[in-house]
Amino acid sequence: MKREDFIFATGFLLILEGYLSANVLPGFLGLALLIYPLLLRSSTEFSVSASATFPEGPLEVGREYPIEIRVRNSGSTVRVIPRVLTRGMDVEVPSLMVPGNGEKTLLGRVRVLEKGEVSIEGITLTVEEPRGVYFDELTLEGAVFQAYPSLEELREEAMIEKNLRLAELYKAGRFLGLESIDFKDLREYQHGDDFRRIDWKASLRLGELIVREFLREDNVDVYIFLDNTREMRKGIKQAKIDYASTLVLQLASMLLDKYRVGLVVYDEVSAKLLPARKGQAQLEAIRRSLGIKHEGKVMSLRFELSTKIGPKARDFIGMVLPLMKGRKGSSGIFEALSLLKNPSFIILVTDLSNPRDVYRAVSEARKKHRVLILSPNPILFYSGKLDERTLERLYKAYEEREKLIRRFNVLVPTIDLGPSDYLREIARVM
Amino acid sequence: MIGVLLSIASAYVAGTYVGALSVIPWILSLKRRDVGLLAFFVYAVYLGNSIEVSSVYSYPSLLVVLSVSLALVVLLDDILTSKVVPERRELIAIPFVLTGFFLPESLIVGEGLVIVSRLRMGKIASLSVAVVVLAFAVLWKTVDYADSAPVQVAVAAAVGIFVILVSLSWKTFKKCSF
């Protein structure tokens with residue numbers, strides 16, 4: 001319903017009330033309300049012209065640029081509300097009150113979202129009189145820009161590429177198996193090589209970076225560690241454990257051709273070991289060990305590595321809680337690691353929801369074993385209701401998780417996974 | 001804000017405290033204009049029912065009708081503008097409004113000053129208001145008799161329809177929705 005129509009309707013209703021109740025006052029109140037829009041129309045005059053100033057030159061993705069809309073008003077006082085139609089850009093221009101016979105400039109900002117050709121397709125200025133009863137519209141022409149990737153975006157892409165290359169190398173089996181101390185060969189440095197392997201003397205002699213290669217023991221055992229803690233089992237439609245189980249099975253079927261593969265499923269307090277073996281029977285045994293049900297609960301989405309509990313408080317909790325009593329803080333993952341007697345290759349599938357324990361355990365494990373972490377990203381698995389608050393929470397959790405993954409990547413290669421990642425893998429294997 | 005003060009004063013002049021309720025639509029309009037407008041509708045209907053005026057052709061009744069009607073217009077304007085602080089030029093009306101608690105004519109002058117300071121009376125608007133006054137002046141002898149309230153209201157309705165027709169045919173504006 002239009003606001004003016006509402007005022008007219010109220011006026012007529014009051015007149016009707018006056019007529020039916022034989023009371024003059026409501027009739028005159030109604031008449032006054034009918035006259036009011038006439039006075040409003042008399043006071044309103046839309047005579048606005050505007051011009052926009054856009055950022056010049058090629059733009060950079062992710063950066064913000066100023067945008068100016070100069071408004072000249074030769075009519076009555078108006079509120080100017082800009083609406084900007086864009087492609088590949090995010091524009092924010094606040095609304096502004098422009099007095100009669102005045103001139104004002106709306107200062108906004110443009111943020112480039114994607115590279116290539118982006119544009120401001122048009123600007124519609126809604127010119128509204130201060131009471132919000134009448135309005136007029138004004139359209140300004142837009143502009144086309146060329147956007148180039150920013151340095152930060154390039155860095156991000158390089159990191160993604162590096163992660164992908166690392167994942168490809170793992171898939172090809174180049175990283176599987178432990179290297180012995182027997183020297184094999186020298187070769188040119190390639191992107192992604194460990195800096196510690198650079199042979200500085202040879203590099204100086206040949207004028208380029210040279211790395212040392214060692215003989216690999218291919219008959220090493222591969223153990224897939226599956227995190228079966230409560231957080232992994234939580235999920236409304238799909239839990240991370242469902243995804244992780246499929247991933248484990250798919251990994252095992254791929255690795256069993258070349259290696260002896262074992263499985264360790266651990267939870268908060270204990271761990272179950274399936275010793276490493278070769279062959280199809282082992283795949284079946286792994287499949288049977290993966291019959292884990294998920295819990296229909298919402299994920300907590302907490303990824304803080306540091307704890308706010310002090311050492312004294314932790315000791316106290318250790319004494320009070322029966323679960324922790326006598327265990328000296330060790331959880332399932334520590335027990336799982338203690339089950340491996342020989343140096344092995346560990347593929348740890350965990351959502352890093354208990355990062356403190358995992359970090360400590362991996363720090364210890366990498367002294368003896370080679371470790372790779374495959375981590376299903378809980379944010380990508382969130383299947384609850386999405387509202388403004390949840391989105392804000394998810395964004396914060398996502399940022400927290402990015403930091404966490406970076407910390408773990410310093411320690412061991414850590415690959416972040418989403419719910420659709422394994423489908424691609426399975427398709428390739430088949 | 002000044003609309004609330006005028007509503008209280010005009011209702012007081014009419015011998016009721018219902019005007020104090022005008023603060024509710026005004027406060028609601030600060031939160032959301034349309035909610036304030038809905039509350040204003042309820043307030044206006046309740047106010048109309050609270051004060052009894054049988055004829056507009058007696059001086060005390062005319063004072064009541066004019067003061068309450070003009071206060072209602074200012075209140076509606078306050079609700080639509082959703083402004084807390086009155087403009088400086090509106091403050092000229094304050095002494096008149098305060099005196100209006102004892103002298104109703106002063107209140108009407110104050111209300112007139114507020115409306116004139118806010119809304120521009122163009123030729124068409126002035127002419128339409130003049131038609132309203134003229135219509136009631138011309139029909140004075142015809143409609144001023146005992147129990148003529150419905151007839152007087154019918155005249156108001158007729159003039160109202162005329163005003164609406166003038167409004168709609170005069171300027172073509174796009175209208176804002178709720």
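The residue that is farthest from the chain's Cα centre (by Cα), among those in the stretch A:14-57 that are among the hydrophobic types (A, V, I, L, M, F, W, C), farther than 16 Å from B:Val73 by Cβ and at the interface with chain B (Cβ under 7 Å from one of its Cβ atoms), is A:Ala22.
Taking the stretch A:190-213 as the range and being surrounded by 14 or more Cβ atoms within 10 Å (Cβ to Cβ), among the charged types (D, E, K, R) and part of a loop (DSSP other than H, G, I, E, B) as the test, the residues that pass are A:Asp193, A:Asp199. Scanning the stretch A:116-145 for residues that are away from chain B (no Cβ under 14 Å) and among the β-branched types (Val, Ile, Thr) yields a total of 4. Residues in the stretch A:182-197 that are within 25 Å of A:Val410 (Cβ to Cβ) and modelled with pLDDT under 80: A:Gln190, A:His191, A:Gly192, A:Asp193, A:Asp194, A:Phe195, A:Arg196, A:Arg197.
One residue alone among B:Leu70, B:Leu91 is buried (at least 19 other Cβ atoms within 10 Å of the Cβ) and part of a helix (DSSP H, G or I), and that residue is B:Leu70. Kindly indicate whether B:Val133 is more than 8 Å from chain A (Cβ to nearest Cβ), under 18 Å from B:Leu70 (Cβ atoms) and part of a helix (DSSP H, G or I). Judged against the criteria, B:Val133 is a match.
Scanning the stretch B:139-157 for residues that are at the interface with chain A (Cβ under 10 Å from one of its Cβ atoms) and either free of Cβ contacts under 8 Å to residues at least 40 places away in the same chain or β-branched (Val, Ile, Thr) (or both) yields B:Pro150, B:Val151, B:Val153, B:Ala154, B:Val155, B:Ala156, B:Ala157.
Selection of the stretch B:67-89 for residues being within 8 Å of another protein chain (Cβ to nearest Cβ), under 13 Å from the mean Cα position of the chain (by Cα) and of a type in the set (A, V, I, L, M, F, W, C) yields B:Val68, B:Leu70, B:Leu72, B:Val73, B:Leu76.
B:Val163 versus (1) at the interface with another protein chain (Cβ under 9 Å from one of its Cβ atoms); (2) under 21 Å from B:Val53 (Cα atoms): which is the lone unmet condition? So B:Val163 meets the others, but not (2). One residue alone among A:Asn73, A:Asn101 is closer than 23 Å to B:Met121 by Cβ and away from every other protein chain (no Cβ under 14 Å), and that residue is A:Asn73.
Among residues that are over 24 Å from B:Gly3 (Cα atoms) and either surrounded by 14 or more Cβ atoms within 10 Å (Cβ to Cβ) or facing chain A (nearest Cβ under 9 Å) (or both), B:Pro104 is not included. So, A:Thr10, is that one closer than 30 Å to B:Leu63 by Cα and β-branched (Val, Ile, Thr) or not? So A:Thr10 passes the test.
Just a yes or no: is a residue in the stretch A:14-31 over 30 Å from B:Gly15 (Cα atoms) and of a type in the set (S, T, N, Q)? No, because not a single residue in the stretch A:14-31 is over 30 Å from B:Gly15 (Cα atoms) and of a type in the set (S, T, N, Q). Evaluation of B:Pro60 against the conditions (1) under 24 Å from A:Pro130 (Cβ atoms); (2) surrounded by fewer than 20 Cβ atoms within 10 Å (Cβ to Cβ) shows that the sole unmet condition is (1). Scanning the stretch B:118-130 for residues that are in a helix (DSSP H, G or I) and either touching a Cys at 6+ places or on another chain (Cβ under 7 Å) or among the aliphatic types (A, V, I, L, M) (or both) gives B:Ile124, B:Ala125, B:Leu127, B:Val129, B:Ala130.
Scanning the stretch B:38-48 finds no residues that are more than 22 Å from B:Pro104 (Cβ to Cβ), within 12 Å of chain A (Cβ to nearest Cβ), in a helix (DSSP H, G or I) and hydroxyl-bearing (Ser, Thr, Tyr). Of the residues making up the stretch B:1-33, those that are of a type outside the set (Lys, Arg), buried (at least 18 other Cβ atoms within 10 Å of the Cβ) and over 21 Å from B:Phe101 (Cβ atoms) are B:Pro25, B:Leu28, B:Ser29.
The values are calculated or read from the model by the stated rules, or taken from the named source; none is laboratory data. All of these numbers come straight from a predicted model, not from anything done at the bench. Neighbour counts run over all protein chains shown; Cβ positions are idealised from the backbone, glycine included.
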